[in-house]
Structures are given as structure tokens and as C-alpha cells.
1. Among the residues that make up region 149-169, is at least one of them in contact with a Lys or Arg (Cβ under 7 Å, 6 or more places away or on another chain), surrounded by 19 or more Cβ atoms within 10 Å (Cβ to Cβ), under 29 Å from Glu410 (Cα atoms) and small (Gly, Ala, Ser)?
2. List the helices (runs of 4 or more DSSP H) that sit entirely inside region 334-408 and contain at least 3 residues that are more than 24 Å from Pro265 (Cβ to Cβ) and in contact with a strand residue (DSSP E or B) (Cβ under 6 Å, 6 or more places away or on another chain).
3. Determine which member of the set Val235, Val171, Val155 is under 24 Å from Lys117 (Cα atoms), touching a Cys at 6+ places or on another chain (Cβ under 6 Å), touching a residue at least 40 places away in the same chain (Cβ under 8 Å) and β-branched (Val, Ile, Thr).
4. Among residues belonging to region 54-63 that are in a loop (DSSP other than H, G, I, E, B) and at pLDDT below 75, point out the one that is farthest from Glu407 (Cα to Cα).
5. Check region 210-229 and report whether any residue there is touching a Lys or Arg at 6+ places or on another chain (Cβ under 9 Å) and without any contact (Cβ under 8 Å) to a residue 60 or more places away in the chain.
6. Starting from region 65-93, keep only residues that are touching a residue at least 24 places away in the same chain (Cβ under 8 Å), then list their pairs with residues that are of a type in the set (Asp, Glu) and outside any strand (DSSP E or B) whose Cβ atoms are within a distance under 6 Å, requiring at least 6 positions of separation or different chains.
7. Would you point out which residue out of Gly145, Gly182 is within 21 Å of the chain's Cα centre (by Cα) and over 26 Å from Arg288 (Cβ atoms)?
8. Mind checking which residues of region 395-426 are modelled with pLDDT under 95 and touching a Ser or Thr at 6+ places or on another chain (Cβ under 6 Å)?
Amino acid sequence: MDLRLIKPWSLLSVALLLAVGASNAFAQNNNNNNGNNNNTTNGVASGVAVDAQGVLKFRRAFDPTGQLMRQRAQQAAALLPPDLNRPSKLRKISLNRLEKAVADSIAKGGGIPEEMKNLAGLNEIKYVFYYPETKDIVIAGTAEGFVRDLNGVNVGTFSGKATLQLEDLVVALRAFAPYSKGTNDVGCSIDPTKEGLANLNKVIASIPAYNVTPGDTATIVTAMKNALGLQNVTVRGVSPKTHFARVMVEADYRMKLIGIGLERPPVNIPSYVDKAAAGSLASNAMQRWYFVPNYDCVKVSEDGLAMELMGNGVKLIGASEMVTQQGGRVQSNSIDRASQVFTTTFTRKYGELAEREPVYAQLRDLIDMLVAAAYIQQQDYYREAGFDLGVFGDENAFPVETLAAPETVETAINAIWKGQRLLTPIGGGVEVRAKEALSSDNVQKDEDGALAETQKGITLNNLAAGQWWWD
């Protein structure tokens, strides 16, 4: 790319905002054991995929009127058992009994029923209970019927909220397996390479300070994208070959696209681009945005037999870095007001966004699962229940590492004309330290006994043989 072809212009220089993210060219994933590869809209495959080179790609399907999803929900409701499709304020699932039901189903060679894969339509984990009398470990929350949306995500037939997936729960339980220390950090990161940042700095240095026109934008963007090349995807604490990992990476990627103005969310969240002032765009600044757990508190009963998650579950935080000429990154103490507005608003609107975009509800579900699993391990419920996870702990019996691991994503770039500075890439990720959510500073005692009453008000005495969920 010959940047000497840029036309003279003395009034404007280009400000470029780059994100680490996949391109909008999606591919069908033939390895998705959840059936996402069969999800099509007008013959075009939808969903997240990884190609043969490990590059993450995806395709978004759109339903402007909502008619297609209404039809799908009606068809699903007609096929689901009425008690399963009916919305429930508190659906309970015994993990021990569910594992036994799954093991029996596998042993019979009939596969795992959709009811089990979708955790009886559970769309949140609000409580974890333990019952010493029956030795049941129970999770509970709201639930309803489920249907696959146009992008391959299972959602509620009434609310449209993402449905928890058994395979994701299994990943969380393995992260805090019986008789193990448990992982300290689960997350992902999408980052430019040192070589790519060094090449980018060379491109930036070659651009004339005052000889740029709006017509040169595409030329500059192409040069910078080629210089950066592919970005590295890192998954920590869980296998990158899982659906769990895919959700984290997609949520991270799409959050950054919202930040740089390449994806407009269905709720009012001003992008970083919208709020950035011309003078704030430093030529070597990198804004990094991370998803972390965000609970007002974790309430625990006095006897330790009940836990309640309280709060929105997910928070977006920011940090600034400076990029050296050699492509290195160093922490910066500067405060970027536009970044603060973006992260604060994103966090405040997260619940509303999750109702409209299932991937953010899925991310919140993953965090809930990890904290629930960490609590189960911390309280030693496994030993007390004599539950070693059974088939849930055996990859051969219950495989969850079934997807191609995402290794890289293409650089996505947004070009804006605002001031006279050039902004370099945005990085970020997801970071879940589930044990910290259960630290003494974050745990609240059940002083009024309401949580204990909820736990004691649930009875397992009338469950039929083989029954693993109930309202």
C-alpha cells in the first residue's frame, strides 16, 4: 500500500479507531454438536464458527419484524410438554439426579434429550441449595420453554432470554471439580501481536500529519489492517474447544465492536467513538475493556446450606495502556473520560441489553455457573453428597471439548474524522475470578433468615423415580 498517494489536505487529519475482533464474514461450523450448524435463514448459515486455520468468524441473522421467531416459539410451545413450557418463578434441578438421568440415557444409547441439554428451560441460577437428608445438590432460578433462535442460541419461548446449557454447566463444574483446588481465573483475551503493533506504528509514522482527505480513509484503513494482521485469542481456565469458550470470545468481540461504533446495540449505549473528544485521542493509546463479575453480594445462610446470587452479574471495566515503538504495551495512569462513560453505561444497561442480545445473557449465565460451582466446592457438598460428578466429570462419557479452538480473529477497524490524532487498537477480554465473589468481603449473612426459609420450603420427598427437575 503506497501511502504517498494520499492527496494534500491541510484542514483535517484522520482519527482511526481499531478493534480486536472478527470480520463480518461468517462461516458455517460443521463441528457444533448443539446443532448450530443446521441453523439457517434463507439458506444462509448463522452462528459462530472457526475455520480450518483457527480463525474465528460468524454470521448474524436478522428478523426485523420478529415474525420468524414468533413462528418458531409457537411451534416449540406446541411440541413441548405443558409443564416444561410453562414459565416458572423458581424451577429446581438436582445435579445428582440430573447426572444419573444423563448417565442412564447415555447407557441406553438414545442420546441426551433436549430437556436435559437445556436444563429444563432454566434461564438463570439464583440459588444453590444442599439437602443433607437426601444428599441433593440443587440449583434453582426462573425458567420457561425453549426454542432455537435464528443465530443458533436456545432462548425462552416467552421472554426470549437465553437458556442455560448443560454442556456449559459441566464445564463450570469441572473447573471446580471435587477434590481439586479449582481454577483461579476463567476468561479470554483478544490481543494484537507485538509484531503487529510494531508494524502499525511504522504505518502511522508514514502518514503525513496534514495531508490527508476523507477520500484517503479506505487506503489508510487497509494499510493499518494489513499491518496489524490477525489478533491472538487466548482462553484461560477452561478448554478453548468448548461452547463455554465460544460464548466468552463472542461477547468480548461484540462488546468491542459496540465500543468503536461498528455495531449499534438495541439499547441506548453510547459508543466510545460517540463520546471521545478530539484532543483525547493519543496516537499510541490503547483502551482495554474487560468483563468481570458484578454481584451486589453473595448471600449465604447461617448453616451454609443455601446461597443466593444478588446483583447484575456482569460489569465492564476499562484500563489504558500505551504502545511503544517496538510494539510493547505498558500500563498508563491516564483517565479516559469517554472510556469511563462507555463502560459505566454498558454496565448499567447490561440487563436490558442481555434481554435483547442473547450472547450477553449467556455470558452472565456462565459467570453464575462458575460462582455456583465454586460455592459447591467451597462448601464441600461433593464429599457430603458422595457425588464425584459421574459422567459429568468424564470427557469420554460426556464430551464438551467438541469445537475447533479459536486461535485468531481478523482486525476490525472503524475510521472516524474527529480531531487530529490517531488512536491505536482496543484490546480486552473476560476475566472471572469466581472464588473472589465468595470472599468474606462479598458474602452477606442471611440475617433475617429469608434465604434459609426458601431452602427449607423446598421439598424433595414427592419426586418420582428418575425425576430431576420440578417447580
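1. no
2. Qualifying helices (runs of 4 or more DSSP H): 358-378.
3. Val235
4. Asp63
5. Checking region 210-229: at least one residue is touching a Lys or Arg at 6+ places or on another chain (Cβ under 9 Å) and without any contact (Cβ under 8 Å) to a residue 60 or more places away in the chain.
6. Sorted first by the residue in region 65-93, then by its partner, the pairs are Met69/Asp63; Pro87/Glu144; Ser88/Asp471; Arg91/Asp471.
7. Gly182
8. Passing the criteria: Glu410, Ala415, Gln420, Arg421, Leu422.
The values are calculated or read from the model by the stated rules, or taken from the named source; none is laboratory data. Since this is a predicted model, take the numbers as computed values, not measurements. Virtual Cβ from ideal backbone geometry, glycine too; neighbours counted across all protein chains shown.
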